[in-house]
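The values are calculated or read from the model by the stated rules, or taken from the named source; none is laboratory data. Every value quoted in this text rests on a predicted model; they were computed, and no experiment measured them. Neighbour counts run over all protein chains shown; Cβ positions are idealised from the backbone, glycine included.
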Amino acid sequence: MDNYRTTLLKRLTSLLLFVCAAATLAFAQSQGDLRPKTITVLHTNDIHASFIPHEAFWVKKNPKPMVGGFNELSFAVDSLRKVKPATLLLDAGDVMTGNPITEYTYDGAYGGALFHMMDMIGYDAWCLGNHDFDISQENLLKLTHIADFPTLSANVVNTDGKFPLHNKPYQIFERGGLKIGVIGIILQGLSHEVNQNNLVGIKVLSPVETTQKYIDELKPKTDIIIALTHEGVQDDSELAENVSGLSVIVGGHSHTRLTKPKVVNGVLIVQTGSNCENLGVLNLTVENGHVTAYDGKLLPLWYDSARPKTALSTFIDSVQQGIEKDYRQVIGTLKGDWVRKEGESAIGNFIAAAQQKAAHADVGFMNNAGIRKNVPAGPITKQDLFEVLPFRNVLVTFQLSGKELKTIITRYLLGHSSIQISGIDCTFKKHNDGIEILSMKVNGKTFDENKTYIGAASDYLVGEAKRYLGIEIQQPAYLQQTVFAAIEKAVREQKTITPTEEKHFVEVQ
């Protein structure tokens, strides 16, 4: 009798446990599984074509270690995926511009090899950056077709409100039992960052309004929402303050090294710096549609020569060998350092003067921000020069009345010194009420306010002339020559360059 009661009790207990489990499962299925889940977001930004390792310039010891490159990135990503299978790999824009690889075509597009490498690494999505427009809209469209991963940019549309660059506003990913919505956003001020010729027909919608629109659309369909942005940490912070329903911003553009997430209005903001030197790793715990725990860090991509050969590394080597054949050739010698700075500089004087000479102009202009690297004394290779001037800017000439030229020079002397100017020799005095120009020569001849002068600059600077020169340029003439080609020719012709700050603008006390 006791055995019978014991057996019956066990069966009743098992039945009760089964009923409870079934009820729990049914409830979970009806309500959605609310148990905590984890996902790892891997992220890069502002790679700037840095597909091979480069010197870690910030390290004090010599020789300096090498860092970065797509081979190291791939190794880190693969290693993390093995231990964290629920991962997303995202890039926040500016894949292009910075290495001569963008001057070579692959699969029909300049810089196409970069996106083939990203395909091999296994990116899940990227958003457009301003430098991805540097060559042309047509080239960017070709790049987006090479990419096996979606191009996300919700606020880049054409005049008809359609997405013109194979871009889409968002993508929903499923990882580790979670549905993650990723919205792409580019900076509102794109027109100030890109050659105007490359933005014809492009409109940039409000980042805040656009993001909120798609958050509202995605909210019923997803567990968390990520904004993948190229607008900089400050604008990302403003975005976080002004939208609701966003969990994470994976950002770019400002080259900010956030060693841990910045939290604004409950939104996690992450960014890795630039040039493929770090991989961002953000671990998230999500429960009931909210991030309940997180851990974010930067993983430095130190170069290791002992890495085993892979299909990716073999492809990287073949591309780099072709570049080195063309760009490692020495084209001149520097007898001193070329150092960028505000106001007159030796490197700025040389670049502005080379444009002036190539265009047979009276005055040459160069924006300081377009000079991207200092060059140490010694041999100058074509690659060194490319890293100074990585943009495919076209040389442009334009007419300036004597009055317009005087306005430009006066504005410059008042402190708007974000440009370099060649062809002008000037003495001046500062007064409480402004600038008095005492004497001025243009291309060696006394300035005549009634004369018309020829200016030379890049097509980018001409498109932003109001910002750099204080005037609008009318009827610019586009030459069949790039700024880079003009400067390369000048270096080759001069051969040995002794950097000097020539002091063309002298203040008289």
Ile351 under 18 Å from Gly336 (Cα atoms), touching a Ser or Thr at 6+ places or on another chain (Cβ under 8 Å) and surrounded by 21 or more Cβ atoms within 10 Å (Cβ to Cβ) = no
query = Does Leu90 count as modelled with pLDDT of 95 or more and under 29 Å from Asn139 (Cα atoms)?
reply = yes
Residues of segment 226-255 that turn out to be in contact with a strand residue (DSSP E or B) (Cβ under 6 Å, 6 or more places away or on another chain) and either touching a residue at least 60 places away in the same chain (Cβ under 8 Å) or over 14 Å from Val267 (Cα atoms) (or both), as a count = 9
query = Which residue out of Asp148, Asp124, Asp216 is at pLDDT 95 or above, among the acidic types (Asp, Glu), surrounded by fewer than 22 Cβ atoms within 10 Å (Cβ to Cβ) and in contact with a helix residue (DSSP H, G or I) (Cβ under 7 Å, 6 or more places away or on another chain)?
reply = Asp148
request  = Please list, ordered by first then second residue, the pairs with beta carbon atoms under 6 Å, 6 or more apart or interchain, first in segment 280-307 and in the same structural domain as Val248 (by TED's automatic domain parsing) and in contact (Cβ under 8 Å) with a residue 40 or more places away in the chain, second exposed (fewer than 15 other Cβ atoms within 10 Å of the Cβ) and assigned to a loop (DSSP other than H, G, I, E, B).
outcome  = Thr285/Pro36; Glu287/Pro36; Asn288/Leu34; Leu298/Thr259
message = Would you confirm, using the coordinates I've provided, whether Phe386 is assigned by TED's automatic domain parsing to the domain that holds Thr397 and closer than 15 Å to Arg492 by Cα?
response = yes
message = Among the residues in segment 170-181, are any at pLDDT 95 or above, touching a His at 6+ places or on another chain (Cβ under 6 Å) and within 23 Å of His43 (Cβ to Cβ)?
response = no
query = Does any residue of segment 210-225 turn out to be in contact with a Ser or Thr (Cβ under 7 Å, 6 or more places away or on another chain) and either in contact (Cβ under 8 Å) with a residue 40 or more places away in the chain or β-branched (Val, Ile, Thr) (or both)?
reply = yes
key: Subset of segment 336-395 that is charged (D, E, K, R) and part of a helix (DSSP H, G or I) - its residue that is nearest to Tyr478 (Cα to Cα)   = Lys357
query = Give me the pairs: first residue in segment 97-113 and assigned by TED's automatic domain parsing to the domain that holds Ala147 and over 21 Å from Asp384 (Cβ atoms), second residue among the hydroxyl-bearing types (Ser, Thr, Tyr) and surrounded by fewer than 23 Cβ atoms within 10 Å (Cβ to Cβ), beta-carbon distance under 9 Å, and six or more apart or on different chains, which are they?
reply = Gly112/Tyr104; Gly112/Thr105; Gly112/Tyr106; Ala113/Tyr104; Ala113/Thr105; Ala113/Tyr106
request  = Kindly list, by first and then second residue, each pair from a residue in segment 434-452 that is among the aromatic types (Phe, Trp, Tyr) to a residue that is in a strand (DSSP E or B), limited to pairs with Cβ atoms under 8 Å and residues at least 6 apart or on different chains.
outcome  = Phe447/Met440; Phe447/Lys441
ask   = Is at least one residue of segment 226-233 in the same structural domain as Met66 (by TED's automatic domain parsing) and more than 17 Å from the chain's Cα centre (by Cα)?
value = yes
remark   = Residues in segment 74-96 that are of a type in the set (A, V, I, L, M, F, W, C) and without any contact (Cβ under 8 Å) to a residue 40 or more places away in the chain total 1
query = Quick check: is even one residue across segment 445-466 surrounded by 20 or more Cβ atoms within 10 Å (Cβ to Cβ), over 30 Å from Asn198 (Cα atoms) and β-branched (Val, Ile, Thr)?
reply = no
query = Pairs under 9 Å by beta carbon, first residue farther than 17 Å from Thr229 by Cα and without any contact (Cβ under 8 Å) to a residue 40 or more places away in the chain in segment 172-195, partner buried (at least 21 other Cβ atoms within 10 Å of the Cβ) and among the aliphatic types (A, V, I, L, M), six or more apart or different chains?
reply = Glu174/Ile180
query = Are any of the residues in segment 235-250 buried (at least 23 other Cβ atoms within 10 Å of the Cβ) and among the acidic types (Asp, Glu)?
reply = yes
query = Lys445 passes all but one of (1) among the basic types (Lys, Arg); (2) at pLDDT 95 or above; (3) under 34 Å from the mean Cα position of the chain (by Cα); which number fails?
reply = (3)
remark   = Selection from segment 202-247 of residues closer than 26 Å to Arg175 by Cβ, of a type in the set (Gly, Ala, Ser) and not in a helix (DSSP H, G or I) yields Ala227, Ser244, Gly245, Ser247
query = Are any of the residues in segment 72-87 touching a Pro at 6+ places or on another chain (Cβ under 9 Å), at pLDDT below 95 and of a type outside the set (A, V, I, L, M)?
reply = no
query = Restricting to strands (runs of 3 or more DSSP E) lying wholly in segment 110-201: which have 2 or more residues that are in contact with a Ser or Thr (Cβ under 6 Å, 6 or more places away or on another chain)?
reply = 178-186
ask   = If we scan segment 56-70, do we find a residue that is modelled with pLDDT of 95 or more and in a helix (DSSP H, G or I)?
value = yes
request  = Please tell me if Phe428 is in the same structural domain as Lys466 (by TED's automatic domain parsing), modelled with pLDDT of 95 or more, touching a Leu at 6+ places or on another chain (Cβ under 6 Å) and farther than 17 Å from Ala346 by Cα.
outcome  = yes
remark   = Output for Cβ contacts, cut-off 7 Å, separation at least six or different chains, first residue closer than 16 Å to Ser417 by Cα in segment 351-375, second charged (D, E, K, R), reads Asn368/Arg340; Asn368/Glu342; Ile371/Arg340
query = What strands (runs of 3 or more DSSP E), lying completely within segment 249-308, carry at least 2 residues that are more than 15 Å from Thr229 (Cα to Cα) and touching a Gly at 6+ places or on another chain (Cβ under 9 Å)?
reply = 278-287, 290-300
